[in-house]
Amino acid sequence: MRQALERFLAYLRDERNASPHTLRNYRSDLEQFRSYLAIPDRRGRVLEPRLEEVDHLVIREYLGHLYSRNRQKTSVARTLAALRSFFKFCVREGWLEENPARLVRTPRLPQRLPGVPTAEQVNRFLDTCAELRSARPAAERDARARALIRRDRALLELLYASGLRASELVGLNPADVNRKEQMLRVRGKGRKERLVPFGSKAAAALDRWLEAREEILAGHKGREADAVFINQRGRRLTPRGLGLIVKKYGKLFDPNWDLHPHALRHAFATHLLTEGADLRAIQELLGHRSLSTTQKYTSVSIKQLMEVYDKAHPRA
């Protein structure tokens, strides 16, 4: 099974263009399954499990083992999805005649609607975020600090203006930004490219940041001139670093607000839908493969409409 796993991961990386994050998750889930099946012999050596020995009953037993260890349904469902993909690959390669994971039912997951800030809330947040960070002692507000404030304003504006994923935003290079046409060339999941527009306020904030960006890049040997968004050491900002910045500004704006980059992506999609944008167009902007993934925002929009109706209608 070990060799089959490595072949499968290589296939995901080389042919399916899977992201490093996706590859880590698949490897983790599948290696745990392999370790569960591995049995020590009388000499203490671990016997490698064989593909043909795995049937749907073995997989069900393993999922039960995960439940016994208090794993969440979402985690179990992800593991089952990884097993289905792996055994489907094994069938395609001719190592198995059928996929044993197809006979195992996916756990029923709770329907969770993403928490979405209102348009008014996002507008007030973006209008005040620059002042929140710049309200510091004058001695600390040097040129580099001012440049970072411009960076933060630009990334916050761009997250809401374009609906990018965190990894997509930090992956932008200067060549991906068409400042004249206000368009971004984005590399999404599976390295698929798409064009995404951004508005005038995001464009103005981005222009100010790109002018100040050179102040940070200057003097850093390990600088990354190909990255639009960099940290104070001149290196490309990471998704984790982006998340910490967004969360920090959210707390400055409202101590009870747990803001993260994906919440601004949700807001982008929901507010477009509320204003009458076509669902197919939103799907293209978000980079979703399936329309069903985009349709969850329909539920969010309907929920908000019902809340307004309940509050406003005299006979609601």
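The values are calculated or read from the model by the stated rules, or taken from the named source; none is laboratory data. Computed from a prediction, not measured in an experiment: that's the story for all the values here. Please note: Cβ atoms are built from the backbone with ideal geometry, for glycine as well, and neighbour counts cover all protein chains shown.
Among R289, R265, R280, which is exposed (fewer than 15 other Cβ atoms within 10 Å of the Cβ), within 20 Å of K192 (Cβ to Cβ) and modelled with pLDDT of 80 or more?
R280
Which of the following residues is over 18 Å from N123 (Cβ atoms), of a type in the set (A, V, I, L, M) and not assigned by TED's automatic domain parsing to the domain that holds L169: L279, L272?
Unique residue meeting the criteria: L279.
Would you call R213 buried (at least 19 other Cβ atoms within 10 Å of the Cβ), farther than 30 Å from D14 by Cβ and of a type in the set (D, E, K, R)?
Spelling it out, R213 is indeed buried (at least 19 other Cβ atoms within 10 Å of the Cβ), farther than 30 Å from D14 by Cβ and of a type in the set (D, E, K, R).
Regarding the range 138-150, can at least one residue be identified that is part of a loop (DSSP other than H, G, I, E, B) and either modelled with pLDDT under 95 or not assigned by TED's automatic domain parsing to the domain that holds V186 (or both)?
yes
Consider L158 carefully, then state whether it is assigned to a helix (DSSP H, G or I), more than 29 Å from D14 (Cβ to Cβ) and either touching a Cys at 6+ places or on another chain (Cβ under 7 Å) or not assigned by TED's automatic domain parsing to the domain that holds T22 (or both).
yes
Does R27 meet the test of being basic (K, R), crowded, with 16+ Cβ neighbours inside 10 Å and either closer than 30 Å to P239 by Cβ or touching a His at 6+ places or on another chain (Cβ under 6 Å) (or both)?
yes
All but one of (1) surrounded by fewer than 21 Cβ atoms within 10 Å (Cβ to Cβ); (2) modelled with pLDDT of 90 or more; (3) of a type outside the set (D, E, K, R) hold for L159; which doesn't?
Only one criterion is unmet by L159, namely (1).
Among the residues of the range 226-253 satisfying the criterion of being surrounded by fewer than 15 Cβ atoms within 10 Å (Cβ to Cβ) and in contact (Cβ under 8 Å) with a residue 40 or more places away in the chain, which is nearest to D152 (Cα to Cα)?
Q232
Taking the conditions exactly as written (outside the structural domain of S167 (by TED's automatic domain parsing), without any contact (Cβ under 8 Å) to a residue 40 or more places away in the chain and crowded, with 16+ Cβ neighbours inside 10 Å), does R13 satisfy them or not?
In short, no.
List, please: which pairs have Cβ atoms under 7 Å, are six or more places apart or on different chains, and start with a residue in the range 184-208 that is in the same structural domain as C129 (by TED's automatic domain parsing) and end with one that is aromatic (F, W, Y) and not in a helix (DSSP H, G or I)?
These pairs meet every condition: L184/F198.
Filter the range 24-41 for residues that are of a type outside the set (S, T, Y) and either over 29 Å from the mean Cα position of the chain (by Cα) or closer than 15 Å to A4 by Cβ (or both) and give the result.
Answer for the range 24-41, where residues must be of a type outside the set (S, T, Y) and either over 29 Å from the mean Cα position of the chain (by Cα) or closer than 15 Å to A4 by Cβ (or both): R27, D29, L30, E31, F33, R34, L37, A38, I39, P40, D41.
With respect to the numbered conditions (1) modelled with pLDDT under 90; (2) in a loop (DSSP other than H, G, I, E, B); (3) assigned by TED's automatic domain parsing to the domain that holds A10, which one is the sole condition not fulfilled by T74?
Checking T74 against (1) modelled with pLDDT under 90; (2) in a loop (DSSP other than H, G, I, E, B); (3) assigned by TED's automatic domain parsing to the domain that holds A10, the one that fails is (2).
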